[in-house]
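Comments concern the structure below.
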Amino acid sequence: MMTRCTLLLPVFWLLLVLLADSVSAEGQYDDRRCKCVCPPRVINNVTRKVYLKNNIARDDCECGKVVAPLPDNPVEFCLRCECEYESRNTMLMKVLVLFVLAVLGVLVVYAGFVMCLEPLCAKPQQAAFPDSGPRHAQDDRPRLVRSASMLGRVDSARQRWKKQVEVQRVNVYDRRNILS
């Protein structure tokens, strides 16, 4: 039951983001705009130099239709303005951002799944220094990996590391060899 809820949580979150984004951003961003950069001028105690107009046709991107209010001498002012038509695909941007968020969500769910699964697959730890009798090195036959999955490979690497540590303990404490 826990894994089903864990898998449904990113899907629910993604749908919530899609709905909130479509409701809140409808009037904020447009795909087409005209941007005019003009000499600075003061309007109502605010210095303004960049003028934008959204949802405008390419043919209408000129100083007289974008700059508002026009100064007393519009011809001279508009000669010093540079107007540029800009077009962007906001839908593609939204899709890419949602794709990245979905990939991150899947990675978080996978990390949580592996963290929950590892204690179930871990074998009980043996005592580091058993009291009963001398230590015997384990046989050197290669251990079969339980599965070809990543968890199996990680577990086999962990087992090899534990075996190397045990061999080093035998060399240091029983044989009194530090470098071998």
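The values are calculated or read from the model by the stated rules, or taken from the named source; none is laboratory data. Note that the structure is a prediction, hence the values are computed from the model and not measured. With ideal geometry, Cβ positions are generated from the backbone for all residues, glycine too; neighbour counts draw on all protein chains shown.
Quick notes
- Pairing each residue of segment 153-168 that is surrounded by 13 or more Cβ atoms within 10 Å (Cβ to Cβ) with any residue that is polar (S, T, N, Q) and outside any helix (DSSP H, G or I), provided the two are 6+ apart or on different chains, yields C-beta distances under 8 Å for 163/138; 166/138.
- Scanning segment 63-80 turns up no residue that is in a strand (DSSP E or B) and at pLDDT 90 or above.
- Of residues in segment 26-42 being modelled with pLDDT under 85 and assigned to a strand (DSSP E or B), the one farthest from residue 84 (Cα to Cα): 42
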